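Below is one structure, written out as structure tokens; comments come after it.
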Amino acid sequence: MGADELEMRRLSSAEVYEELDALAGVLLDCVAGGASVRYMAPFSHEQSRRAFEAVALEVEQGRRLLLAAFAREELVGTVQVALAMQPNSPHRAEVAQLLVHRSARRRGIAQLLMERAEVEARAEGKTLLVLDTVTGDDAERLYERLGWTKVGVIPGYALYPDGRPCDTTVFWKSL
């Protein structure tokens, strides 16, 4: 798949609602594939839709950015940037929920989403980003390649969808 076949877009809240089923499908696929992204099995399409309905509200309120990757006009990946922080940290944002459908992986989509997340965060006046990821996961290696700085590992911080604990690595990056 060539770069000309991929499109990264920042979605408005209306577009999030228009893409609810596609967004839900990507999240559902990632959870079914064992990704530790907040949700536990069993996880339904309806639960996934509700999760993105909550995101749409935060996008509408200006508290969150939602970026989506489209391959030949099919939504195949997404990442969020949580903008609303505490009063003493208006310069900071958190990157969350980098998701790429298993059928679209190994094509550079996650990297393109992360690069676009940084551009959009900078456009919002953010100069510091933070994120966390499963220790030892492909995403951890991606963040290191993209110049993120590892803070450390928190043992047993989260759970996989099947209930097994997983360690979490925390990262930061200056923009």
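The values are calculated or read from the model by the stated rules, or taken from the named source; none is laboratory data. Owing to the predicted nature of the structure, the values given are computational and were not obtained by experimental measurement. Positions of Cβ are backbone-derived with ideal geometry, glycine not excepted, and every protein chain shown enters the neighbour counts. What goes into the accessible areas is simple: the full protein's heavy atoms, side chains included, and nothing from ligands, DNA or RNA. Shrake-Rupley method; radii C 1.70, N 1.55, O 1.52, S 1.80 Å.
Do the conditions hold for residue 22, that is, is it in contact with a helix residue (DSSP H, G or I) (Cβ under 9 Å, 6 or more places away or on another chain), modelled with pLDDT of 95 or more, among the hydrophobic types (A, V, I, L, M, F, W, C) and open to solvent by 10 Å² or more (accessible area, probe 1.4 Å)? When the stated conditions are applied, residue 22 does not pass them. If the condition is being assigned to a helix (DSSP H, G or I) and either open to solvent by less than 70 Å² (accessible area, probe 1.4 Å) or modelled with pLDDT under 95 (or both), then the range 139-149 contributes 139, 140, 142, 143. The residues on offer are 134, 130, 59, 100, and the sole one that is within 19 Å of residue 13 (Cβ to Cβ), touching a residue at least 24 places away in the same chain (Cβ under 8 Å) and either hydrophobic (A, V, I, L, M, F, W, C) or open to solvent by less than 70 Å² (accessible area, probe 1.4 Å) (or both) is 59. With respect to (1) surrounded by 15 or more Cβ atoms within 10 Å (Cβ to Cβ); (2) part of a strand (DSSP E or B), the lone exception for residue 152 is condition (1). Counting the residues of the range 1-19 that are among the aliphatic types (A, V, I, L, M), open to solvent by less than 80 Å² (accessible area, probe 1.4 Å) and part of a helix (DSSP H, G or I) gives 2.
Of all residues in the range 35-52, at least one satisfies being of a type in the set (S, T, N, Q) and under 15 Å from the mean Cα position of the chain (by Cα).
Restricting attention to the range 33-52, the residues being without any contact (Cβ under 8 Å) to a residue 40 or more places away in the chain and exposed (fewer than 15 other Cβ atoms within 10 Å of the Cβ) number 5.
Annotation: of all residues in the range 80-91 being open to solvent by less than 70 Å² (accessible area, probe 1.4 Å) and not hydrophobic (A, V, I, L, M, F, W, C), the one that is nearest to residue 160 (Cα to Cα) is 80.
Please indicate, with yes or no, whether at least one residue in the range 164-171 is surrounded by 14 or more Cβ atoms within 10 Å (Cβ to Cβ), in a helix (DSSP H, G or I) and under 16 Å from the mean Cα position of the chain (by Cα). For the range 164-171, residues surrounded by 14 or more Cβ atoms within 10 Å (Cβ to Cβ), in a helix (DSSP H, G or I) and under 16 Å from the mean Cα position of the chain (by Cα): absent. As for the range 87-109, it holds at least one residue that is at pLDDT 95 or above, closer than 24 Å to residue 137 by Cβ, assigned to a helix (DSSP H, G or I) and within 12 Å of the chain's Cα centre (by Cα).
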